[in-house]
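Undergrad: Below are the structure tokens for one structure; questions will follow.
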Amino acid sequence: QVQLVESGGGLVQAGGSLRLSCVASGSIFSINTMGWYRQAPGKQRELVATVTSGGMANYADSMKGRFSISRDYAKNTMYLQMNSLKPEDTAVYYCLAQIQRTLFSSDTPYWGQGTQVTVSS
């Protein structure tokens, strides 16, 4: 069994900051690419940022310069530092991890349950 648990969401004023966390636990051999996605009401889920097992980060254009993704490999944890937040950043933020459960298994994608971020104007 594998679990991803996000935390750190909340209500913040425009221009403010939040730091999201995603902790992976359970039967894990290794974690490869991890990422943050978000879904606003009435919209499709979209990529926010990803980070590989080697630390290479990739961001959606609208997040570049404002958001920073990072990982603590020893703690199986990923972070998203969000600065200069805008009302349009309001969404449920989801964690995704590509997890290899055993030495002989392939990567399987796992999603967290999501954490709400609300940015007021």
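Undergrad: Which sequence of ARG101, ARG38, ARG71 reflects their accessible areas, 1.4 Å probe, from the largest down? Mind showing how you got there, number by number?
TA: Working: ARG101 85, ARG38 20, ARG71 40 Å².
Sorted descending by solvent-accessible area, the residues read ARG101, ARG71, ARG38.
Undergrad: How big is the range 6-59 on each of its three principal axes, counting only the C-alpha atoms and giving the largest first in Å?
TA: 39, 22, 20
Undergrad: Hey, can you grab everything whose amide H is under 5 Å from the amide H of GLY114? Only 5+ residues off in sequence or another chain; H modelled, so Pro and N-termini drop out.
TA: Those lying under 5 Å, H to H, from GLY114 are GLU6, CYS95.
Undergrad: Ordered by packing density, taken as the mean number of other Cβ atoms within 10 Å over each peptide's residues, highest first, how do 4-11, 103-110 rank? The partial results should precede the final answer.
TA: Values: 4-11: 16.5, 103-110: 11.0.
Descending packing order for the listed peptides: 4-11, 103-110.
Undergrad: What number comes out for the charge environment of SER84, summing +1 per Lys or Arg and -1 per Asp or Glu over other residues with Cβ under 14 Å away? Each step should come with its number before you reach the end.
TA: Values: positive: ARG19, LYS64, ARG66, LYS86; negative: GLU88, ASP89.
For residues surrounding SER84, the net value is +2.
Undergrad: Next up: Under a straight-distance cross-link criterion of Cα-Cα below 27 Å, which lysines are reachable from LYS75, leaving out those fewer than 8 residues away in the same chain?
TA: Those lysines meeting the cut-off are LYS64.
Undergrad: Cα-based Rg of the chain per 2.2 N^0.38 Å, rounded to two decimals?
TA: Values: Rg = 14.2 Å, N = 121, 2.2 N^0.38 = 13.6 Å.
Rounded to two decimals, the normalised Rg is 1.04.
Undergrad: Further, regarding this structure: Taking a probe of 1.4 angstrom, what is the accessible area of MET34 in Å², to the nearest 10?
TA: Around 0 Å² of this residue is reachable by solvent.
Undergrad: Also, I was wondering about something else. Just read off the accessible area of LYS75 with the full protein assembly in place, 1.4 Å probe, to the nearest 10 Å².
TA: Spelled out: LYS75, probe radius 1.4 Å, area about 130 Å².
Undergrad: Let me ask something else about it. Calculate, for the chain, the solvent-accessible area per residue in square angstrom, rolling a 1.4 angstrom probe over the heavy atoms of the protein chains. Walk me through the numbers on the way to the answer.
TA: Numbers: 6350 Å² over 121 residues.
Accessible surface, normalised per residue, equals 52 Å².
Undergrad: With all protein chains present, how much of the accessible area of the chain (probe radius 1.4 Å) comes from carbon and sulfur, to the nearest whole percent? Display every interim value, and only then the final one.
TA: Numbers: 3150 of 6350 Å².
C and S fraction of accessible area: 50 percent.
The values are calculated or read from the model by the stated rules, or taken from the named source; none is laboratory data. Small disclaimer: the values here were computed from a predicted structure and weren't measured. In this analysis, Cβ positions are derived from the backbone assuming ideal geometry, glycine residues included, and neighbour counts consider all displayed protein chains. Calculation scope for accessible area: heavy atoms of the full protein, side chains included, ligands and nucleic acids excluded. Shrake-Rupley method; radii C 1.70, N 1.55, O 1.52, S 1.80 Å.
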